[in-house]
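Novice: Pasting in a structure now, in structure tokens, and then I'll have a few things to ask.
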Amino acid sequence: MNKIFKVSICMCLIICFTIFLQACDNNSQQKTIKQATISGVNYSSLTEAVKNAKSGDTIKIYNDLKDNKNVVIDKPLTIKGVLNNSRLKPKFYGSLTIDTKGENDEVNIENLEIIHKGTLEDGNNNDTRIGVNLLNGGLTFKSNLVALDDENNADNGASGMIISRRINSLNTKPIVIRGNTFETYKPSQENTSSALIIKSNLPSLFQKLALNEGELYNQNSFSTSNDGNLMISADYSNNPTSYSFFATGSVDELIKALENNQDESGSSFILYPHSALSNATSEPITIKEKTYLYISGNNPANFNDVTFKLGGSMVINSGIENATIEKTADTANIMFGSNAKQNNITIKNKD
């Protein structure tokens, strides 16, 4: 009997010890789940990681971070997402503002999905209307995705990324935006909104940026599945604001921009039509001599009987419907690609 009792006690001790080891192991695993690390030190949020980082540090993000607020980066840092076993990028729920102080400061951001609410809830820390907002400094932004968490609940003016530099900035480091994916951003009636905006020469605030808009547009992927604005390069020092580059999926937005925002020194407008022009106009739309209009995509561009007064160039690589094109200058030029189809199109040569 005594022997049986001793064996029972031993078995109970072994079972209890095994359970204890498993519990310790589980606790250890929970404590070591990597989220945002700096030199092996783990942080549960990007907010805390940026706060504790020193200039030049690299923050590695291993798992989704749900800060759901705006994180200000005011020092040179690298923020890099680490792909998981399925080659998926970690998600950061929130927005980023880059506002570094030194003239040689650079920020590098790579391999993240940045998902922002696009709203202003209760102060600047929770202003997530802009997914990534560059106010000052150099920036390399590669292989990221920028998208709204819920585009139906976003405020007017919600945009994916805005590139600018303060007028008093001494920073001349390069700005590289390459290999990223931008999801849909709807036009706003009250504010300029787009997936990507280059903002220059706002009086007393932002200086002119020497960027190749065409390269930025072609080296990134933009959603063309809705009537959203894709990219705007705007010079706010003029009245009205002039666009050197504008790309949209909305025929209505294109017409509005052609009416108000052509740059006398040259503009490029790109349309990936998603639906027909809804706000029909009886007034002719002038396309100035140094303006290029490109129309591409799978849907036909239905202009609802608009008349274009063409002084510049139109390049049509998709269907085009219900428009009259009147050439008004020797510089007027129309080019149709091999996939272009015309329906109810009238072309009038210069008298």
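The values are calculated or read from the model by the stated rules, or taken from the named source; none is laboratory data. Quick caveat, the model's predicted, so the values are computed rather than measured. When we count neighbours, we look across all protein chains shown, and the Cβ atoms used for this are built from the backbone with ideal geometry, even at glycine.
Novice: In the list Leu277, Leu254, Leu293, which residue meets the criterion of being crowded, with 16+ Cβ neighbours inside 10 Å, without any contact (Cβ under 8 Å) to a residue 60 or more places away in the chain and either part of a loop (DSSP other than H, G, I, E, B) or not assigned by TED's automatic domain parsing to the domain that holds Asn168 (or both)? Reasoning before the result, please.
Specialist: Working: Leu254 fails: either part of a loop (DSSP other than H, G, I, E, B) or not assigned by TED's automatic domain parsing to the domain that holds Asn168 (or both); Leu293 fails: either part of a loop (DSSP other than H, G, I, E, B) or not assigned by TED's automatic domain parsing to the domain that holds Asn168 (or both).
None of the other options fit; the residue is Leu277.
Novice: Restricting to region 170-204, count the residues that are farther than 21 Å from Ser95 by Cα, surrounded by fewer than 17 Cβ atoms within 10 Å (Cβ to Cβ) and modelled with pLDDT of 90 or more.
Specialist: Start the filter on region 170-204 by keeping residues that are farther than 21 Å from Ser95 by Cα, which leaves 170-174, 189-190, 200-204.
From the residues that got through so far, the ones that are surrounded by fewer than 17 Cβ atoms within 10 Å (Cβ to Cβ) too are 170, 172, 174, 189-190, 202-204.
Keeping just the survivors that are modelled with pLDDT of 90 or more gives 170, 172, 174.
The total comes to 3.
Novice: Which residues, taken from region 195-240, are in contact with a helix residue (DSSP H, G or I) (Cβ under 8 Å, 6 or more places away or on another chain) and either of a type in the set (S, T, N, Q) or not assigned by TED's automatic domain parsing to the domain that holds Arg165 (or both)?
Specialist: Filtering region 195-240 for residues in contact with a helix residue (DSSP H, G or I) (Cβ under 8 Å, 6 or more places away or on another chain) gives 196, 198, 227, 229-231, 233, 240.
Listed by number, the residues that qualify are Asn229, Ser233.
Novice: Out of all the residues in region 70-89, which are surrounded by 21 or more Cβ atoms within 10 Å (Cβ to Cβ) and not aliphatic (A, V, I, L, M)?
Specialist: To start, the set of residues in region 70-89 that are surrounded by 21 or more Cβ atoms within 10 Å (Cβ to Cβ) comprises 70-71, 73, 76-77, 79, 81.
Those that are surrounded by 21 or more Cβ atoms within 10 Å (Cβ to Cβ) and not aliphatic (A, V, I, L, M): Asn70, Pro76, Gly81.
Novice: Looking only at region 310-328, how many residues end up being closer than 17 Å to Ser267 by Cα and not hydroxyl-bearing (Ser, Thr, Tyr)? Before you say what the answer is, go through the steps one by one.
Specialist: The first filter runs over region 310-328 and keeps only residues closer than 17 Å to Ser267 by Cα, leaving 310-316.
Those still in the list that are not hydroxyl-bearing (Ser, Thr, Tyr) too: 310-312, 314-316.
So the answer is 6.
Novice: Just one of the numbered conditions (1) touching a Ser or Thr at 6+ places or on another chain (Cβ under 6 Å); (2) within 12 Å of Ile255 (Cβ to Cβ); (3) modelled with pLDDT under 95 is not true of Asn279; which one?
Specialist: (1)
Novice: Still on this structure, please answer the following. Scanning for something in a loop (DSSP other than H, G, I, E, B), modelled with pLDDT of 95 or more and β-branched (Val, Ile, Thr), does region 69-82 turn up at least one residue?
Specialist: yes
Per-residue answers, yes or no, for (1) part of a loop (DSSP other than H, G, I, E, B); (2) aromatic (Phe, Trp, Tyr):
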position	(1), (2)
Asp155	yes, no
Leu170	yes, no
Ser193	yes, no
Ser204	yes, no
Gly214	no, no
Ser233	no, no
Phe245	no, yes
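Novice: Something else now. Limited to region 205-226, what total is found for residues that are more than 18 Å from Thr291 (Cβ to Cβ) and crowded, with 19+ Cβ neighbours inside 10 Å?
Specialist: The total comes to 5.
Novice: If I ask for residues that are under 28 Å from the mean Cα position of the chain (by Cα) and at positive phi, which ones from region 293-341 would you list?
Specialist: The one that is under 28 Å from the mean Cα position of the chain (by Cα) and at positive phi: Gly297.
Novice: Which pairs turn up if I take residues in region 173-192 that are closer than 19 Å to Asp105 by Cα and assigned by TED's automatic domain parsing to the domain that holds Arg129 and look for partners that are among the β-branched types (Val, Ile, Thr) and outside any loop (DSSP other than H, G, I, E, B) with beta carbon separation below 6 Å, at least 6 apart in sequence or on another chain?
Specialist: Val176/Thr140
Novice: Still on this structure, I have one more. Could you tell me how many of the residues in region 147-163 are polar (S, T, N, Q) and modelled with pLDDT of 95 or more? Quick ask: steps written out before the conclusion?
Specialist: So in region 147-163, the residues polar (S, T, N, Q) come out as 152-153, 156, 159.
Still in the list and also modelled with pLDDT of 95 or more: 159.
Here the count works out to 1.
Novice: Quick one: which of Ser268, Ser282, Ser237 is more than 15 Å from the chain's Cα centre (by Cα), surrounded by fewer than 19 Cβ atoms within 10 Å (Cβ to Cβ) and more than 19 Å from Thr307 (Cα to Cα)?
Specialist: On the way: Ser268 fails: surrounded by fewer than 19 Cβ atoms within 10 Å (Cβ to Cβ); Ser282 fails: more than 19 Å from Thr307 (Cα to Cα).
Result of the check over Ser268, Ser282, Ser237: Ser237.
Novice: For a quick check of your reading of the model, give me the residue pairs whose first member lies in region 149-167 and is farther than 24 Å from Gly138 by Cα, whose second is modelled with pLDDT under 90 and polar (S, T, N, Q), with beta-carbon atoms closer than 8 Å and at least 6 apart or on different chains.
Specialist: Asn156/Ser188; Asn156/Gln189; Asn156/Asn191; Gly157/Ser188; Gly157/Asn191; Gly157/Thr192
Novice: Are there any pairs with C-beta distances below 6 angstrom linking a residue in region 109-120 that is under 12 Å from Phe141 (Cα atoms) to a residue that is among the β-branched types (Val, Ile, Thr), with the two at least 6 apart or on different chains, and if so which?
Specialist: Ile109/Ile79; Ile114/Val146
Novice: Name the residue that is surrounded by the most Cβ atoms within 10 Å (Cβ to Cβ), counting only residues in region 92-113 that are touching a Lys or Arg at 6+ places or on another chain (Cβ under 8 Å), not small (Gly, Ala, Ser) and not in a loop (DSSP other than H, G, I, E, B).
Specialist: Ile109
Novice: Can I ask one more? Residue by residue through region 32-52, note down the ones that are within 25 Å of the chain's Cα centre (by Cα) and not aliphatic (A, V, I, L, M). Break it down stepwise before answering.
Specialist: From region 32-52, those within 25 Å of the chain's Cα centre (by Cα) are 35-36, 45-51; that's our starting set.
Once the filter is applied, which keeps residues that are within 25 Å of the chain's Cα centre (by Cα) and not aliphatic (A, V, I, L, M), region 32-52 yields Gln35, Ser45, Thr47, Glu48, Lys51.
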